[in-house]
Amino acid sequence: MEYYMEFYKEHMRHLLFPPRCPFCDKVMFSSVFLPPELVCASCSGKAEYVREPVCKKCGKPLDDERQEYCYDCAQHGHSFAQGKALWVYRGAVKESVYRFKYHGRQEYARFYAGELVRVYGSWIRSCGIDALVPIPLFRRRQYRRGFNQAERIAGEVGRQMDIPMYGNLLVRVRDTKAQKELNDTERKNNLKKAFKITENKVQLEHILLIDDIYTTGSTMNEAAVELKRSGVEEVYCLSLCIGRGYQEE
């Protein structure tokens, strides 16, 4: 009976608030007799998934399978244990994330999270993750945007995997510049002491940081530094999408 109730509620949600395809943005109407779809058939192959070979540290795609680490991880140490990413940040994925962040397409988060769980759910379990923590926005930027895109994704991943998500555990105390506008040295200094822990969660030993886009790792690294400073044993990273090569976003 519980299964049918969930099935009914799911379809009612789709009928009353039909989601949009995250790649073409068309409204997705569902049938009562079929499971609701979150992406249209013609767009199901548009996203470029991250494939091996990848950097052993951050998960960034590599052009040479003989490489172990990308340029950034080879040049700079990171405080997080390991990172993974779902898609390569270009084409249809890039356009989808732009609409998600700047055009308020928050319904995309459900599909994003579903794919993250499908591809990396087993890895998340194997890491023994106690909680999910989204990369925070500075309060003024979040107010203008209306929501934190990383928190929406993290919330959906947590709901689907039954893992608690702490949206306020980490806050951004400095309004930093966009990383893509800076050079290597500026990126590193830009995020120094940008994050702060708001409460002591001593029971948390393994945390998964979640963000929408991974570039050089500076953001994830500084967040991991603050979390480990507070006593977290290991910090892992999961991003919706990631660039190829050096300083790409």
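Here are some notes:
- Qualifying residue in the stretch 60-83 (condition: more than 30 Å from K192 (Cβ to Cβ) and touching an Asp or Glu at 6+ places or on another chain (Cβ under 9 Å)): yes
- Subset tally (residues that are exposed (fewer than 13 other Cβ atoms within 10 Å of the Cβ) and in contact with a strand residue (DSSP E or B) (Cβ under 9 Å, 6 or more places away or on another chain)) for the stretch 50-76: 2
- Among the conditions (1) at pLDDT 95 or above; (2) of a type outside the set (S, T, N, Q); (3) more than 14 Å from the chain's Cα centre (by Cα), the only one that R105 does not satisfy is (1).
- Condition check for A92: open to solvent by 10 Å² or more (accessible area, probe 1.4 Å) and either assigned to a helix (DSSP H, G or I) or under 19 Å from L238 (Cβ atoms) (or both): yes
- Selection within the stretch 95-107: residues that are touching a residue at least 60 places away in the same chain (Cβ under 8 Å) and either open to solvent by less than 50 Å² (accessible area, probe 1.4 Å) or of a type in the set (K, R) (or both). The member of this set that is nearest to G243 (Cα to Cα) is V97.
- Where a residue in the stretch 132-150 is under 19 Å from L116 (Cα atoms) and part of a strand (DSSP E or B) and its partner, wherever it lies, is open to solvent by 10 Å² or more (accessible area, probe 1.4 Å) and charged (D, E, K, R), with Cβ under 7 Å and at least six apart: P134/E151
- Across the stretch 197-243, the number of residues qualifying as in contact with a helix residue (DSSP H, G or I) (Cβ under 7 Å, 6 or more places away or on another chain), at pLDDT below 95 and not small (G, A, S) comes to 4.
- Long-range neighbours under 7 Å by Cβ, at least six apart or interchain, first residue open to solvent by 90 Å² or more (accessible area, probe 1.4 Å) within the stretch 163-190, second part of a loop (DSSP other than H, G, I, E, B) and modelled with pLDDT of 65 or more: N168/T198; K180/T215
- Some residue of the stretch 154-161 being of a type in the set (D, E) and in contact with a strand residue (DSSP E or B) (Cβ under 6 Å, 6 or more places away or on another chain): no
- Residue check, S126 among the polar types (S, T, N, Q) and open to solvent by less than 50 Å² (accessible area, probe 1.4 Å): no
The values are calculated or read from the model by the stated rules, or taken from the named source; none is laboratory data. As the structure is a prediction and not an experimental result, all values here were calculated from the model. When we count neighbours, we look across all protein chains shown, and the Cβ atoms used for this are built from the backbone with ideal geometry, even at glycine. Just so you know, the surface numbers come from the protein's heavy atoms only, side chains and all, with ligands and any DNA or RNA stripped out. Shrake-Rupley method; radii C 1.70, N 1.55, O 1.52, S 1.80 Å.
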